[in-house]
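These notes are about the structure you will find just below.
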């Protein structure tokens, strides 16, 4: 549980909405807490030398992935960046398979060959995290084109950071998505820093969603403090894609509490800035709302214990799993 800091009041909803959303918010809150605890465990393992390579944590941005993916159906596709752990867990991939992948073990979701940046599960249409900044947006447009070509109702969600919107691939993909009326939702997770560079030094216009106007595309922009609000915005965009085959550029204003990666101490911002953002923490906010709607402190603590046990089990599983065999490495290297 997070400390009871001076967070804003829980958003007000009518009695009917409270009844309808309490069970849903319980589920979304647990998933956000699972992501938070998973990432904390990953950071600890990395610091101990048990995880190598790159490690980009999602701490602080949980409401974005959880709210977004809760608006999808099993027929929909997800394409992510290298900061993909939250997307994988929100899509229902097991903590065991994800942690084992970080450890480079054969039981990982990419059989230990992808690592942190390349979580993949075709059965859940989680089509991978991608390390090339902006290069995955055309791939997502291609998936949306395939859904439309096959006359399927699938929608593709493509996540990227605000630092990627200056990449040519981003604009080419948006141009084609608008021209061909593709069922694509392009999600810019604006966490205010492109690696270590603040927003005002990378973009001439602070409102990223305005870039949709150049392509005649629908746009939306909102803060990701309340996971139910995030879900509502995504439901609108996903419905537009599914029913009208029209794309949307959606800017989610969020914030990461850690550095760009584990190798980034984040000294380009003050401790006061980070602490101010934590006062609107999405996990803590969900807890406030649940308590306002009648969920007890004891129930929330039970959820916390359940999540911690799941993450501890995932770490144990990863540590005890085998390394990829020579046969597996050969099969994935040579044709």
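Checking each residue in the range 111-120 for being touching a residue at least 12 places away in the same chain (Cβ under 8 Å) and farther than 15 Å from residue 314 by Cβ picks out 111, 113, 114, 115, 117, 118. Annotation: residue 228 fulfils all but one of (1) touching a residue at least 60 places away in the same chain (Cβ under 8 Å); (2) surrounded by fewer than 16 Cβ atoms within 10 Å (Cβ to Cβ); (3) more than 26 Å from residue 46 (Cβ to Cβ); the unmet one is (2).
The number of residues in the range 229-270 being within 17 Å of the chain's Cα centre (by Cα) and closer than 26 Å to residue 193 by Cβ comes to 19. Is it true that residue 81 is touching a helix residue (DSSP H, G or I) at 6+ places or on another chain (Cβ under 8 Å) and within 12 Å of residue 157 (Cα to Cα)? The answer is yes for residue 81. Among the residues of the range 219-260, those that are in a loop (DSSP other than H, G, I, E, B) and touching a helix residue (DSSP H, G or I) at 6+ places or on another chain (Cβ under 8 Å) comprise 224, 225, 226, 245, 246, 247, 254, 255, 257, 258.
Every residue, every condition in (1) buried (at least 19 other Cβ atoms within 10 Å of the Cβ); (2) touching a strand residue (DSSP E or B) at 6+ places or on another chain (Cβ under 9 Å), yes or no:
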position: 208; (1), (2): yes, yes
position: 222; (1), (2): no, yes
position: 247; (1), (2): yes, yes
position: 254; (1), (2): yes, yes
position: 269; (1), (2): no, yes
position: 275; (1), (2): no, no
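Counting only helices (runs of 4 or more DSSP H) wholly contained in the range 95-206, the ones carrying 3 or more residues that are in contact with a strand residue (DSSP E or B) (Cβ under 8 Å, 6 or more places away or on another chain) and over 29 Å from residue 43 (Cβ atoms) occupy 137-149, 168-179. Do you know which of the residues in the range 150-172 that are more than 23 Å from residue 71 (Cα to Cα) and more than 19 Å from the chain's Cα centre (by Cα) is surrounded by the most Cβ atoms within 10 Å (Cβ to Cβ)? The residue in question is 169.
Pairs are defined by a Cβ separation below 9 Å, a sequence spacing of at least 6 or placement on different chains, a first member in the range 263-279 that is closer than 17 Å to residue 43 by Cβ, and a second member that is outside any loop (DSSP other than H, G, I, E, B) and at pLDDT 90 or above; the pairs so defined are 266/193; 266/274; 278/284. With respect to the stated conditions, residue 213 fails to be at pLDDT 95 or above and in contact with a helix residue (DSSP H, G or I) (Cβ under 9 Å, 6 or more places away or on another chain). The residue pairs whose first member lies in the range 289-302 and is surrounded by fewer than 14 Cβ atoms within 10 Å (Cβ to Cβ), whose second member is at pLDDT 95 or above and part of a helix (DSSP H, G or I), and whose beta carbons are closer than 8 Å, counting only pairs six or more residues apart or on different chains, are 297/291. Just name the residue that is modelled with the lowest pLDDT out of those in the range 303-327 that are surrounded by 15 or more Cβ atoms within 10 Å (Cβ to Cβ) and under 16 Å from residue 97 (Cβ atoms). Across the range 303-327, the extreme among qualifying residues is 324. Scan the range 85-94 for residues that are more than 26 Å from residue 167 (Cβ to Cβ) and in contact with a strand residue (DSSP E or B) (Cβ under 7 Å, 6 or more places away or on another chain) and jot them down. Scanning the range 85-94 gives a single hit, 93.
Checked against (1) touching a helix residue (DSSP H, G or I) at 6+ places or on another chain (Cβ under 6 Å); (2) surrounded by fewer than 17 Cβ atoms within 10 Å (Cβ to Cβ), residue 196 passes all but condition (1).
The set of residues in the range 2-43 that are part of a helix (DSSP H, G or I), modelled with pLDDT under 75 and under 12 Å from residue 228 (Cα atoms) comprises 17, 18, 20.
The values are calculated or read from the model by the stated rules, or taken from the named source; none is laboratory data. Please read these numbers as outputs of a predicted model, since none were measured by experiment. FYI the Cβ positions are ideal-geometry reconstructions off the backbone, even for glycines, and counts take in every protein chain you see.
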